[in-house]
Amino acid sequence: MARIVNVWNVGRIAYQPALLLQKHLAECYKSAIDGSPTSNSITNDTLLLVEHDPVYTIGIRNNQYDAKEESRLKALGAEFYKTNRGGLITFHGPGQLVAYPIMNIKNLDKPGVRCYVSSIEETIIRMCKEFGITAERSPHTGVWVADNKICAIGIHASRYITTHGLALNCNTDLTWFEHIVPCGIDGKGITSLTKQLGMEMTIQRTIPHFLRSFSSTFNCKVEPFPIDKARSILSEIS
């Protein structure tokens, strides 16, 4: 029987509330695993789907963006956050599908962080193939179309429970990336589904294709996150 992954399509949300939400879900999941459930314990993997207001985020290995650089990026009209995910600097914003899987990687068909990241990459590669886009891995984490990144990946795992995730450019304004060295890789570009296909690919248009590919790659069944529990969790963290 396929594992259940509950999908919570949050919609557009600022970065900080989304960060709090995924951390809260991860703790609720851990409490259930530990045998000390709460009223909002999570017993299934959860896939958060969001769209962020403009924000630049950096990972744990990124020390080149100091206070001066932070001020420069904020002056562009974006927020700036330091995070505990892997990877270097990237941008999140309107037109970009951001997915945060809160998953127990011990339960995957191929457990382990490396296989988990590879499965995220495979999800996007398969989805792109549906559109006739040849996407692939490279020595750098993420998914690429030639020398242009279409999907950034940065994760964190604590006691086998994952947070953070992937950012897929649908119809993102790619000029936001011109102010940084995306993911710290010189000489590479950024692309989107819209740019590759020559047609407008919105987040909502992309989500069904993404979920179908995710379900196939992770060998799971996706079901909506319970509405009552979602409301209770949002009330608890607000």
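If you wrap segment 54-141's Cα atoms in a convex hull and average its projection over all directions, what's the area in nm²?
7.4 nm²
Could you pull the accessible area for residue 42 with a 1.4 Å probe, rounded to 10 Å²?
We get 10 Å² for residue 42.
Could you tell me the center-to-center distance, by alpha carbons, between segment 26-80 and segment 96-163 in angstrom?
17 Å
Counting heavy atoms of the protein chains only and a 1.4 Å probe, report the per residue accessible area for the chain as a whole number of Å².
Counting only protein heavy atoms, the per-residue value for the chain is 46 Å².
Across segment 24-65, how large is the tail of the calculated P(r) beyond 14 Å, expressed as a percent of all Cα pairs?
Beyond 14 Å sits 62 percent of the P(r) for segment 24-65.
Label segment 1-110 by shape, choosing from rounded, prolate and oblate, from the square roots a ≥ b ≥ c of the eigenvalues of the Cα gyration tensor; if a/c is under 1.5 it is rounded, and otherwise prolate applies when a/b is larger than b/c, oblate when it is not.
Prolate, because a/c is 1.5 or more and a/b exceeds b/c.
Give the separation of the Cα centroids, segment 169-206 to segment 212-238, in Å.
26 Å
If you take every DSSP beta bridge whose two residues both sit in segment 120-214, what share of them, in percent to the nearest 5, is antiparallel?
85 percent
Restricting to DSSP H runs of at least four residues, report the calculated mean residue ellipticity at 222 nm for the chain, -39500 (n - 2.57) per run over all residues, nearest 500 deg cm²/dmol.
Per the formula, -10000 deg cm²/dmol.
Using a Gaussian network model of the chain with C-alpha springs under 10 Å, which one of 123, 90, 43 is most mobile by mean-square fluctuation?
43
The values are calculated or read from the model by the stated rules, or taken from the named source; none is laboratory data. Bear in mind that the values here come from a model prediction, so they are computed numbers and not experimental data. Calculation scope for accessible area: heavy atoms of the full protein, side chains included, ligands and nucleic acids excluded. Shrake-Rupley method; radii C 1.70, N 1.55, O 1.52, S 1.80 Å.
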